[in-house]
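The values are calculated or read from the model by the stated rules, or taken from the named source; none is laboratory data. Worth saying up front: this structure is predicted, and the values here are computed from it rather than measured. For neighbour counting, all protein chains shown are included, and Cβ atoms are generated from backbone atoms with ideal geometry for every residue, glycine included. Remember, those area values only see protein heavy atoms, side chains included, never the ligands or the DNA or RNA. Shrake-Rupley method; radii C 1.70, N 1.55, O 1.52, S 1.80 Å.
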Amino acid sequence: MEESARKNPFFEKYDTPHETVPFDRIRLEDYEEAFMEGIRRDNEQIEKTINNPAKPTFENTIINNDDEPEGYYDLLERVSTVFFNMLSAETNDEMDALAQKMQPILTQHANDVRLNRRLFERVKAVHLHHRRLTPEEQRLLDNCYDGYVRSGALLDDEGKERLRQLTEEASMLSLQFSQNLLKETKAFSLHITDEKQLDGLPQTAIDAARQTAEEQQKEGWVFTLDMPSYQPFMTYSTHRDLRQQMYMARNTLCMHDNAENNIEICKRLVNLRREIAQLLGFKTFADYVMKNRMATKVKNVYRLFDSLIDAYKPTAKKEQQELKRLFLKDFPQAKKKQTADSAMAPSSPAAEKLRPWDQGFYAHKLKLKKYDLDAEMLRPYFELSKVIDGVFGLANRLYGITFKENKDIPVYHPDVKAYEVFNRDGSFLAVFYADFHPRKGKQGGAWMTEFQGQWIDRKGVNVRPHVSVVMNLTKPTADKPALLTLGEVETFLHEFGHSLHGMFANTRFESLSGTNVWWDFVELPSQFMENYAIEKEFLRTFAFHYETGEPLPDELIRRIVKSRNFMAATACLRQVSFGLLDMAYYTCKDEFCDDLIPFEKKAWEKARLSGEKPLADTCMTVQFSHIMAGGYAAGYYSYKWAEVLEADAFSVFKRRGIFNQKVAQSFRDNILSRGGTEHPMTLYKRFRGQEPTIDALLRRNGIKPQKKS
């Protein structure tokens, strides 16, 4: 095709299976052109709406699709979805530069829409004088009106102008935060050339490090801060100095005296969000956030934290005491007070206490001692292709859906697999993308996203979603397939739970479908799925040795189940500490001027065990993407809030059968399919028959005794 005849793929109907994104045809220059044309079309539509002489109605103002042409699509939404998904999963310097250019333009346009006085007057008129609506229509109308108000529609001109400035700056800083973190994370590597320094590491970690070194054209072995590399190193390496080096590299990201330092960015983001909330009439940003949350008020979040701290801290103390006793067996000299004339060097490990870089190493040793269980024992049984079969099979047993890989669906990287998903009756349900492994242009962590949401168009066609999960799981090596840890299987299940929420969406309006729910409800489907990771009946369906085909032995499953709550209290307090830090920032009523590091240590002090002394030269805030750039600001508590819900929900399955299709259908119909069409507690009670309590979580974690059957 001649260059002059080429058309921007965003401007045409996608000529692909299920009109999936034609990744193979998109070029970098297509994005900016599509962004600008999308903004132009948006503005044209807004002008039509505000100049409509007819009385404002739900149809001509809120959904506004009366004059949509055949094959209409929202161009700005289409290009934004692809671009920002790629910015997280497959970016490069050119993409980053374009994001820096486009972000202020897009934020300005969003403000132009939300602060358009004439448009808001029409929305307000419908909100005040609408005819009878269905519950879903009413929810959309309320959300629409509230969205304008929360975006400053009721402010005077001076307030609107100030809000523009604040939101545009916050948008740019959030982007900069993420780009800095990615660059810093990928910049570090531990290059080992002395084979003795590999002592303690499992062969899987050594092989992966060798492969990374080869990819970087280096001799020896290279370890990175990507979790499949970092975590095994911290768990198994007997070289305490190297563990310390890795730990300090990970926990000082974006603190260095360079262009990627996030300290001032974090301070400014906290202040920007506080000022935005106060401009809109709230005392704090947390108060602003809680208006549309199940928690409803800040005090309810702290009440949850307090109850968890009270319940878990005694057990967490015992867990840490066990670790310390094991540590002291290796370093008995640490019991003795170091004296000035001690022959022991100040930097000697024996002069140290149990340090953060020791936690994973000694937890592993303790788990071996107590349960004779090690993550590497399980890896051979968790070969990725079999895990995929197991997870898909679980969805089939629960909900009757099936997955079929379709290699004709374009993908954005060879690591990505694309599947068609079908209902029990054979009808098409969704497209599912799975992106499994870390690489240079990919953010760390794991997440679910969409390239197309679900909605019902004006002709009654149920437009099905295109859902994607992105993870950073162990990669295959030259002589071994990708062999996962049990923790990675749990991660897959977690993100797959989010994807089911998206795939089962069955609502009229896209903005209410799938995961478009209140933030402290969104983790329920994902954390719910994690429960299956230790269920024998589930493991029996896919956990076979990748070489021999032998099933995971009953004895290993018994140990997995028995060790379920190993260090659970410590893990709980860790999560609570992150939530406390989040709330500490976003309950600030006055300008935040503190030094981040001591502020951070003080914020989570309540969840810290007595005697613990945090490291003064590390900082989590500057790499805490969830609360600085990921939508969890004043919302990190959601993980624990949803954990109460999912433990309560899974207790129904445990009582009636973990594969009970009747219970699963109720979960699908009342929660997974309904999105944000009703209040989350209404949906939950419709499934459960009552509000949840914390009891199921406490029993599952062994904090309270199990009920006698």
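Looking at the stretch 264-282, which of the residues that are open to solvent by less than 40 Å² (accessible area, probe 1.4 Å) and hydrophobic (A, V, I, L, M, F, W, C) is farthest from Lys353 (Cα to Cα)?
Leu280
Out of all the residues in the stretch 1-12, which are in contact with an Asp or Glu (Cβ under 8 Å, 6 or more places away or on another chain) and either in a loop (DSSP other than H, G, I, E, B) or touching a residue at least 40 places away in the same chain (Cβ under 8 Å) (or both)?
Of the residues in the stretch 1-12, the ones in contact with an Asp or Glu (Cβ under 8 Å, 6 or more places away or on another chain) are 8-11.
Hits for the stretch 1-12 are Asn8, Phe10, Phe11.
Taking only the stretch 609-633 into account, find how many residues are in a loop (DSSP other than H, G, I, E, B) and either over 22 Å from Gln179 (Cα atoms) or among the β-branched types (Val, Ile, Thr) (or both).
Step one: filter the stretch 609-633 for residues in a loop (DSSP other than H, G, I, E, B), giving 609-620, 624, 629-633.
With the extra rule that they be either over 22 Å from Gln179 (Cα atoms) or among the β-branched types (Val, Ile, Thr) (or both), the set shrinks to 609-618.
Summing the residues that are in a loop (DSSP other than H, G, I, E, B) and either over 22 Å from Gln179 (Cα atoms) or among the β-branched types (Val, Ile, Thr) (or both) in the stretch 609-633 gives 10.
Among the residues of the stretch 219-259, write down those that are open to solvent by 20 Å² or more (accessible area, probe 1.4 Å), basic (Lys, Arg) and over 16 Å from Lys183 (Cα atoms).
Residue satisfying the conditions is Arg240 alone.
Do you know which of the residues in the stretch 149-169 that are closer than 14 Å to Phe120 by Cβ and within 26 Å of the chain's Cα centre (by Cα) is surrounded by the most Cβ atoms within 10 Å (Cβ to Cβ)?
Ser151
Answer yes or no: is there a residue in the stretch 460-467 that is under 29 Å from Ser625 (Cα atoms) and not in a loop (DSSP other than H, G, I, E, B). Spell out how you get there, then give the answer.
Just the residues of the stretch 460-467 that are under 29 Å from Ser625 (Cα atoms), to begin with: 465-467.
If we keep only those that are not in a loop (DSSP other than H, G, I, E, B) as well, we get 466-467.
Scanning the stretch 460-467 turns up at least one residue that is under 29 Å from Ser625 (Cα atoms) and not in a loop (DSSP other than H, G, I, E, B).
For the stretch 236-243, check the following and say yes or no: at least one residue is assigned to a helix (DSSP H, G or I), among the polar types (S, T, N, Q) and in contact (Cβ under 8 Å) with a residue 40 or more places away in the chain.
Pass one, the stretch 236-243, residues assigned to a helix (DSSP H, G or I): 236, 240-243.
In the following step, the residues that additionally are among the polar types (S, T, N, Q) were identified as none.
No, the stretch 236-243 has no match at all.
If we scan the stretch 29-50, do we find a residue that is open to solvent by 60 Å² or more (accessible area, probe 1.4 Å), closer than 25 Å to Gln443 by Cα and either among the aliphatic types (A, V, I, L, M) or part of a loop (DSSP other than H, G, I, E, B) (or both)?
No, every residue in the stretch 29-50 fails to be open to solvent by 60 Å² or more (accessible area, probe 1.4 Å), closer than 25 Å to Gln443 by Cα and either among the aliphatic types (A, V, I, L, M) or part of a loop (DSSP other than H, G, I, E, B) (or both).
Which of the numbered conditions does Pro135 fail, given that it passes all the others? Conditions: (1) touching a residue at least 24 places away in the same chain (Cβ under 8 Å); (2) open to solvent by 70 Å² or more (accessible area, probe 1.4 Å); (3) within 24 Å of Gly631 (Cα to Cα).
Among (1) touching a residue at least 24 places away in the same chain (Cβ under 8 Å); (2) open to solvent by 70 Å² or more (accessible area, probe 1.4 Å); (3) within 24 Å of Gly631 (Cα to Cα), Pro135 violates only (3).
From the set of residues in the stretch 292-335 that are part of a loop (DSSP other than H, G, I, E, B) and among the basic types (Lys, Arg), which is farthest from Tyr148 (Cα to Cα)?
Residues of the stretch 292-335 part of a loop (DSSP other than H, G, I, E, B): 292-297, 331.
Cutting the leftovers down to among the basic types (Lys, Arg) gives us 293, 297.
Values: Arg293: 18, Lys297: 22 Å.
Step by step, filter the stretch 292-335, then rank; the result is Lys297.
In the stretch 480-509, how many are closer than 14 Å to Arg674 by Cβ and outside any loop (DSSP other than H, G, I, E, B)? First the steps, then the outcome.
Start the filter on the stretch 480-509 by keeping residues that are closer than 14 Å to Arg674 by Cβ, which leaves 500-509.
Subsequent filtering for residues that are outside any loop (DSSP other than H, G, I, E, B) retains 500-503.
Matching residues across the stretch 480-509 total 4.
One residue is enough: does the stretch 408-417 have a residue meeting the conditions in contact with a His (Cβ under 8 Å, 6 or more places away or on another chain) and of a type in the set (Phe, Trp, Tyr)?
No; the residues of the stretch 408-417 include none that is in contact with a His (Cβ under 8 Å, 6 or more places away or on another chain) and of a type in the set (Phe, Trp, Tyr).
Of all residues in the stretch 346-393, count the ones that are out of contact with any strand residue (DSSP E or B) (no Cβ under 9 Å at 6 or more places or on another chain), open to solvent by less than 50 Å² (accessible area, probe 1.4 Å), in a loop (DSSP other than H, G, I, E, B) and modelled with pLDDT of 95 or more.
Selection size over the stretch 346-393: 1.
Kindly list, by first and then second residue, each pair from a residue in the stretch 394-410 that is in contact (Cβ under 8 Å) with a residue 24 or more places away in the chain and in a loop (DSSP other than H, G, I, E, B) to a residue that is crowded, with 17+ Cβ neighbours inside 10 Å and of a type in the set (D, E, K, R), limited to pairs with Cβ atoms under 9 Å and residues at least 6 apart or on different chains.
Asn406/Glu420; Ile409/Glu420; Pro410/Arg25
Looking at the stretch 254-263, can you tell me whether even one residue there is at negative phi and either in a helix (DSSP H, G or I) or at pLDDT below 95 (or both)? Break it down stepwise before answering.
Here is the first cut: in the stretch 254-263, the residues at negative phi are 255-263.
From what's left, either in a helix (DSSP H, G or I) or at pLDDT below 95 (or both): 263.
Checking the stretch 254-263: at least one residue is at negative phi and either in a helix (DSSP H, G or I) or at pLDDT below 95 (or both).
Of everything in the stretch 672-708, what is open to solvent by 20 Å² or more (accessible area, probe 1.4 Å), closer than 19 Å to Asn143 by Cβ and touching a Ser or Thr at 6+ places or on another chain (Cβ under 9 Å)? Give them in sequence order.
Result: Arg674, single match.
Sort out which residues of the stretch 191-218 are over 25 Å from Gly441 (Cβ atoms), open to solvent by 30 Å² or more (accessible area, probe 1.4 Å) and of a type outside the set (Val, Ile, Thr), and write them in order of number.
Those that are over 25 Å from Gly441 (Cβ atoms), open to solvent by 30 Å² or more (accessible area, probe 1.4 Å) and of a type outside the set (Val, Ile, Thr): Asp194, Glu195, Lys196, Gln197, Asp199, Gly200, Gln203.
For the stretch 412-434, which residues satisfy the criterion of being open to solvent by 10 Å² or more (accessible area, probe 1.4 Å), assigned to a strand (DSSP E or B) and under 30 Å from Gly657 (Cβ atoms)?
Within the stretch 412-434, Tyr419, Glu420, Phe422, Phe428 meet the criteria.
Counting just the residues of the stretch 458-473 that are touching a residue at least 60 places away in the same chain (Cβ under 8 Å) and open to solvent by 20 Å² or more (accessible area, probe 1.4 Å), which one comes out farthest from His437 (Cα to Cα)? Even if it seems obvious, please write down each step before you answer.
Start the filter on the stretch 458-473 by keeping residues that are touching a residue at least 60 places away in the same chain (Cβ under 8 Å), which leaves 458, 464, 466, 468, 470, 472-473.
From the residues that got through so far, the ones that are open to solvent by 20 Å² or more (accessible area, probe 1.4 Å) too are 458, 464.
Working: Arg458: 40, Arg464: 27 Å.
Looking at residues that are touching a residue at least 60 places away in the same chain (Cβ under 8 Å) and open to solvent by 20 Å² or more (accessible area, probe 1.4 Å), I get Arg458.
Condition check: within 25 Å of Leu394 (Cα to Cα), of a type outside the set (Lys, Arg) and out of contact with any strand residue (DSSP E or B) (no Cβ under 9 Å at 6 or more places or on another chain). Does Asp617 satisfy that? It would help to see each step written out before you state the result.
On the way: within 25 Å of Leu394 (Cα to Cα): no; of a type outside the set (Lys, Arg): yes; out of contact with any strand residue (DSSP E or B) (no Cβ under 9 Å at 6 or more places or on another chain): yes.
Criteria not met by Asp617.
Out of curiosity, is Lys606 part of a helix (DSSP H, G or I), of a type in the set (D, E, K, R) and open to solvent by 40 Å² or more (accessible area, probe 1.4 Å)?
Details: part of a helix (DSSP H, G or I): yes; of a type in the set (D, E, K, R): yes; open to solvent by 40 Å² or more (accessible area, probe 1.4 Å): yes.
Yes; evaluated as a whole, the condition is true for this residue.
Cβ-Cβ distance below 7 Å, separation of 6 or more or different chains: which pairs start in the stretch 488-501 with a residue that is more than 10 Å from Trp447 (Cα to Cα) and open to solvent by 10 Å² or more (accessible area, probe 1.4 Å) and end on one that is assigned to a helix (DSSP H, G or I) and not aromatic (Phe, Trp, Tyr)?
Listed pairs, sorted by first residue: Glu490/Glu530; Glu490/Ala533.
Just to be sure before I move on: is Glu450 part of a strand (DSSP E or B) and of a type in the set (Asp, Glu) in the structure I sent?
Numbers: part of a strand (DSSP E or B): yes; of a type in the set (Asp, Glu): yes.
It is true that Glu450 is part of a strand (DSSP E or B) and of a type in the set (Asp, Glu).
Go through the stretch 536-587 and report how many residues are open to solvent by less than 20 Å² (accessible area, probe 1.4 Å) and part of a loop (DSSP other than H, G, I, E, B).
Going through the stretch 536-587 one residue at a time, the tally reaches 4.
Among the residues of the stretch 433-489, write down those that are at pLDDT 95 or above, under 26 Å from Phe422 (Cβ atoms) and of a type in the set (Asp, Glu).
Asp435, Glu450
Regarding Asp15, is this residue within 22 Å of Glu450 (Cβ to Cβ) and in contact (Cβ under 8 Å) with a residue 60 or more places away in the chain? Quick ask: steps written out before the conclusion?
Details: within 22 Å of Glu450 (Cβ to Cβ): yes; in contact (Cβ under 8 Å) with a residue 60 or more places away in the chain: no.
So Asp15 does not fit the description; no.
Out of all the residues in the stretch 654-674, which are in contact (Cβ under 8 Å) with a residue 60 or more places away in the chain and either touching a strand residue (DSSP E or B) at 6+ places or on another chain (Cβ under 8 Å) or under 25 Å from Ile703 (Cβ atoms) (or both)?
The answer is Ile658, and nothing else.
Please enumerate the residues belonging to the stretch 394-411 that are of a type outside the set (S, T, N, Q), surrounded by 14 or more Cβ atoms within 10 Å (Cβ to Cβ) and over 21 Å from Thr474 (Cβ atoms). Break it down into steps so the answer makes sense when it comes.
Applying the first criterion (of a type outside the set (S, T, N, Q)) to the stretch 394-411 yields 394-395, 397-401, 403-405, 407-411.
Filter once more, so that each one left must be surrounded by 14 or more Cβ atoms within 10 Å (Cβ to Cβ): 394-395, 397-401, 403, 409-411.
Once the filter is applied, which keeps residues that are of a type outside the set (S, T, N, Q), surrounded by 14 or more Cβ atoms within 10 Å (Cβ to Cβ) and over 21 Å from Thr474 (Cβ atoms), the stretch 394-411 yields Ala395, Arg397, Leu398, Tyr399, Gly400, Ile401, Phe403, Ile409, Pro410.
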